[in-house]
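Just below is one structure, and these are the notes that go with it.
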Amino acid sequence: MAAENRSTIRLSPMEVPKASDVLANELRERILSGEYPEGTPLPPERELAVQTRMSRTTVREALRVLEVQGLVRIKAGRAGGAFVQRPGEESVATTLDLLIRGRQIRPASVHETREAIEPSCARLAALNRTAGDLRRLEDADEAIAAGGSLESFLQANVDWHVGVAAAGHNEILTGIMLALSRAIYTVTHNEGFVNGEVRAIAAQAHRSVTRAIRDKDPDAAARRMSRHVHAYAAAALEVDERTAITLPDTD
């Protein structure tokens, strides 16, 4: 009698979500739907534990998740608790910054992203900027032109680029630029690259874009920003290639 062929089906164990994650997800949806408006307190830990039939430790873990995500702020004391807050640009920046650093994304990808979005930021800035936005850009221009240490130049550079995004009054783009600018600060923290010539060129390019934003000329702002970030990226990547260490073959 022929042996019966039987195939064995291996079932992978189902991943059961943690109770604290389930509660955090439910509370997050209530916050984002507007059921809990900004500034209002969530029910106390004890009450949440009774409502959900979960332990206070589980409730506390869920609230910590929401705090990390920027959806609540925790206050200690008798008048304390978990208060609802709306996430801002910093939440976008933190998430994207973790992606860039955690996955060790190539500097070239960071520069490509800047080239894709910064001209649009400049266009929106020219259309939507306020007098306060313009002062912020002009202050950054002056700080860049003043010279100073590498750190002060890079910080002024970051302030200007984030200022352009903020002047467009698009919260998503502003958050993205916050994260990208942190990455650019890191990859260009190099005295061999940020020399006197690079500083002078950057200062001139920034002033040119600022003028277009002041004049409310979106086409000129986008065109000048595109030219600036492309040239800056090309120069930075050229330095990276020159300073890269090539290991000899071991075969």
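The values are calculated or read from the model by the stated rules, or taken from the named source; none is laboratory data. Quick caveat: nothing in here was measured; it's all calculated off a predicted structure. No Cβ is skipped: glycine too gets one built from the backbone with ideal geometry, and neighbour counts run over all protein chains shown. What goes into the accessible areas is simple: the full protein's heavy atoms, side chains included, and nothing from ligands, DNA or RNA. Shrake-Rupley method; radii C 1.70, N 1.55, O 1.52, S 1.80 Å.
Once R0 is set to 22 Å, what does the formula 1/(1 + (r/R0)^6) return for the Cβ-Cβ distance between residue 142 and residue 234, expressed as a FRET efficiency to the nearest 0.05? If you can, show how the numbers build up before the last one.
Details: r = 27 Å, r/R0 = 1.21.
Taking R0 as 22 Å, the efficiency between residue 142 and residue 234 is 0.25.
So how much accessible area does residue 136 have, in Å² to the nearest 10, using a 1.4 Å probe?
Looks like 110 Å² after rounding.
Which values of log₁₀ I(q)/I(0), to two decimal places, follow from the Debye formula for the stretch 21-166 at q = 0.09, 0.10, 0.12, 0.15 Å⁻¹ with a uniform point scatterer at every Cα?
-0.47, -0.57, -0.74, -0.92
Rounded to the nearest 0.05, what FRET efficiency is calculated for residue 207 and residue 150 with R0 set to 30 Å and r the Cβ-Cβ distance? Display every interim value, and only then the final one.
Details: r = 21 Å, r/R0 = 0.68.
Working from the Cβ atoms, E equals 0.90.
So for the pair residue 29, residue 91, with labels modelled 7 Å out along Cα→Cβ, what separation do we get in nm?
So the label points at residue 29 and residue 91 sit 1.7 nm apart.
For the stretch 68-204, what does the relative contact order come out to in percent, with C-alpha contacts under 8 Å and a separation of six or more? List each step's numbers first, then the result.
Numbers: 142 pairs, mean separation 40.0, N = 137.
Computed over the stretch 68-204, the figure is 29 percent.
If I model a spin label as a point 7 Å beyond the Cα along the Cα-Cβ vector, how far apart are those points for residue 83 and residue 22 in nm?
Rounded to a tenth, the inter-label distance reads 3.2 nm.
Let me know the shape class of the stretch 43-87, please: from the alpha-carbon gyration tensor, a ≥ b ≥ c as square roots of the eigenvalues, rounded when a/c is under 1.5, otherwise prolate if a/b is greater than b/c, or oblate. Spell out each step's value before the answer.
Details: a/c = 2.11, a/b = 1.38, b/c = 1.52.
Oblate is the answer for the stretch 43-87, as a/c is 1.5 or above yet b/c matches or exceeds a/b.
Describe numerically, in nm with one decimal, the distance between label points set 7 Å from Cα along Cα→Cβ at residue 128 and at residue 57.
For residue 128 paired with residue 57, the spin-label model returns 4.7 nm.
For the stretch 89-201, just say rounded, prolate or oblate: build the C-alpha gyration tensor, square-root its eigenvalues into a ≥ b ≥ c, call rounded for a/c under 1.5, and beyond that prolate if a/b exceeds b/c, oblate if not. Kindly include the intermediate steps, with their values, before the conclusion.
Values: a/c = 1.84, a/b = 1.02, b/c = 1.81.
Note, shape of the stretch 89-201 comes out oblate.
Indicate the gyration tensor shape class of the stretch 84-134 (rounded, prolate or oblate), computed on the Cα atoms with a ≥ b ≥ c the square roots of the eigenvalues: a/c under 1.5 is rounded; otherwise a/b larger than b/c is prolate and the rest oblate. Please list the in-between numbers first.
Values: a/c = 3.62, a/b = 1.28, b/c = 2.82.
Because a/c hits 1.5 or more and a/b fails to exceed b/c, the stretch 84-134 counts as oblate.
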